[in-house]
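Enquirer: Got a structure for you, questions after.
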Amino acid sequence: MNLILLGPPGAGKGTQAKRIEEARGLVQLSTGDMLRAAVKAGTEVGMKAKAVMEAGELVSDDIVIGIISDRVDEPDCADGFILDGFPRTVAQAEALDTLLTEKGKTMDVVIEMQVEDDPLVGRITGRSTCAKCGEGYHDEFKKPKVEGVCDKCGHTEFSRRADDNEETVRSRLSAYHAQTAPLIGYYGEKGTLKSIDGMAAIDDVTAQINAVLDAV
C-alpha cells in the first residue's frame with residue numbers, strides 16, 4: 001500500500017507516519033531525509049542535489065522526483081511507503097503520478113489531516129525537544145513528568161526550533177494554503193482522498209487513519 005499524509009506543518013504527519021510504519025511495515029519517506037541520504041551515498045541525482053544546495057538554491061522538482069524514484073525501487077519499499085511532506089504542489093503530484101505509473105505502482109490513498117490554523121499555531125509554538133535524546137514535549141499537551149527533566153533519559157536541557165515562533169508558523173501556513181491546499185481538490189477528483197479530524201487526540205487520529213487504511 002502506498003499513501004500520502006497531507007496537512008500543514010505541525011498537523012502531526014510525522015508522528016502518524018511513524019505509527020503507520022511500525023504497525024503496517026510500510027516505509028516512511030521524508031524528502032529531507034532522502035535528499036541527505038542521496039547526497040551522502042553520492043548517487044547521480046544526489047550529486048546534482050548537493051551542487052544545488054551548496055549554491056544556496058532550492059532543489060528542483062525534477063531532482064526530488066529523481067530521488068523518490070531511486071528510493072522506491074529499494075527492496076524495503078516493496079510492500080509500500082508513506083510520503084510525508086511531498087508532494088507540495090499540483091505539479092509535483094502530477095510528476096509523482098507519472099513516476100508511479102512508469103513503475104507500475106499506484107497511490108492507493110491520500111489522507112488529509114484537517115486542522116485549524118489558530119490551535120495549530122499554539123501546538124507548534126509550544127513544542128520542545130530534549131537536547132540529548134530528542135524526545136518531544138509540549139508546554140500544554142505533553143509536559144515532562146518531572147518539570148525540567150526528560151522522561152526518557154533524565155537530561156535537563158531542552159531546545160526549541162528557531163522557526164517555531166508565531167510569525168514564521170503563520171507564514172508557513174499561508175504558503176501551505178496557497179501551494180498545497182489545491183492538492184485536496186486534485187486527489188479528491190481522483191477519488192483517493194480521505195479526510196480525518198487532525199485536531200483530535202493523537203490516539204484518536206491514529207484510530208481514524210487505521211479505519212481509512214483498513215477500508216482501502
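The values are calculated or read from the model by the stated rules, or taken from the named source; none is laboratory data. Predicted model, so just to flag it, every value in this text is computed and none were measured. Virtual Cβ from ideal backbone geometry, glycine too; neighbours counted across all protein chains shown.
Enquirer: What are the pairs, 6+ residues apart or on separate chains, where a residue within region 37-65 that is free of Cβ contacts under 8 Å to residues at least 60 places away in the same chain and closer than 19 Å to A91 by Cα has its Cβ under 8 Å from a residue that is charged (D, E, K, R) and part of a helix (DSSP H, G or I)?
Expert: I63/K48
Enquirer: Got a number for residues in region 140-164 being surrounded by 12 or more Cβ atoms within 10 Å (Cβ to Cβ), free of Cβ contacts under 8 Å to residues at least 12 places away in the same chain, among the charged types (D, E, K, R) and assigned to a loop (DSSP other than H, G, I, E, B)?
Expert: Final tally of qualifying residues: 2.
Enquirer: Six or more apart or on different chains, Cβ atoms under 7 Å: show the pairs whose first residue is in region 1-19 and over 11 Å from L173 (Cα atoms) and whose second is in a loop (DSSP other than H, G, I, E, B) and among the β-branched types (V, I, T).
Expert: Close Cβ pairs satisfying both conditions: M1/V216; N2/T106.
Enquirer: When you scan region 31-40, do you find a residue that is within 30 Å of R123 (Cβ to Cβ), of a type in the set (A, V, I, L, M) and in contact with a helix residue (DSSP H, G or I) (Cβ under 7 Å, 6 or more places away or on another chain), even just one? Quick ask: steps written out before the conclusion?
Expert: Filtering region 31-40 for residues within 30 Å of R123 (Cβ to Cβ) gives 31-37.
Subset that is of a type in the set (A, V, I, L, M): 34-35, 37.
Of the ones still in play, those that are also in contact with a helix residue (DSSP H, G or I) (Cβ under 7 Å, 6 or more places away or on another chain) are 34-35.
Yes, the conditions are met somewhere in region 31-40.
Enquirer: Now for a separate question. Hey, does region 74-94 have a residue that's over 30 Å from I202 (Cβ atoms) and aliphatic (A, V, I, L, M)? Write out each step before concluding.
Expert: At the first step, the residues of region 74-94 found to be over 30 Å from I202 (Cβ atoms) are 75, 91, 94.
Subset that is aliphatic (A, V, I, L, M): 91.
Yes, region 74-94 contains a residue that is over 30 Å from I202 (Cβ atoms) and aliphatic (A, V, I, L, M).
Enquirer: Of all residues in region 96-134 being free of Cβ contacts under 8 Å to residues at least 24 places away in the same chain, charged (D, E, K, R) and exposed (fewer than 14 other Cβ atoms within 10 Å of the Cβ), which is farthest from I63 (Cα to Cα)?
Expert: Applying the first criterion (free of Cβ contacts under 8 Å to residues at least 24 places away in the same chain) to region 96-134 yields 97-98, 101-102, 104, 118, 122, 126, 133-134.
Restricting the remaining residues to those that are charged (D, E, K, R) gives 97, 102, 118.
Within this subset, residues satisfying the condition of being exposed (fewer than 14 other Cβ atoms within 10 Å of the Cβ) are 102, 118.
Details: E102: 17, D118: 34 Å.
It comes out as D118.
Enquirer: Y137 passes all but one of (1) part of a helix (DSSP H, G or I); (2) farther than 20 Å from F86 by Cβ; (3) of a type in the set (F, W, Y); which number fails?
Expert: (1)
Enquirer: What are the pairs, 6+ residues apart or on separate chains, where a residue within region 189-216 that is at positive phi and without any contact (Cβ under 8 Å) to a residue 60 or more places away in the chain has its Cβ under 6 Å from a residue that is among the small types (G, A, S) and surrounded by 12 or more Cβ atoms within 10 Å (Cβ to Cβ)?
Expert: Qualifying pairs under 6 Å: none.
Enquirer: Please return the ranges of helices (runs of 4 or more DSSP H) entirely within region 1-114 where 3 or more residues are within 24 Å of I196 (Cβ to Cβ). Even if it seems obvious, please write down each step before you answer.
Expert: Details: elements: 13-24, 31-41, 44-54, 61-72, 90-102.
Here the list reads 13-24, 90-102.
For every residue, the table says whether it meets (1) at pLDDT below 90; (2) buried (at least 20 other Cβ atoms within 10 Å of the Cβ); (3) of a type in the set (S, T, Y); (4) touching a Cys at 6+ places or on another chain (Cβ under 6 Å).
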{"site": "G14", "(1), (2), (3), (4)": "yes, no, no, no"}
{"site": "E21", "(1), (2), (3), (4)": "no, no, no, no"}
{"site": "A37", "(1), (2), (3), (4)": "yes, no, no, no"}
{"site": "V59", "(1), (2), (3), (4)": "yes, no, no, no"}
{"site": "A78", "(1), (2), (3), (4)": "no, no, no, no"}
{"site": "I82", "(1), (2), (3), (4)": "no, yes, no, no"}
{"site": "E94", "(1), (2), (3), (4)": "no, no, no, no"}
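Enquirer: For region 173-210, name all the residues that are not small (G, A, S) and not in a helix (DSSP H, G or I). Let's see the steps before the verdict.
Expert: Initially, region 173-210 is screened for residues not small (G, A, S), giving 173, 176-177, 179-180, 182-184, 186-187, 189-190, 192-194, 196-197, 199, 202-206, 208-210.
Within region 173-210, T192, L193, K194, I196, D197, M199 qualify.
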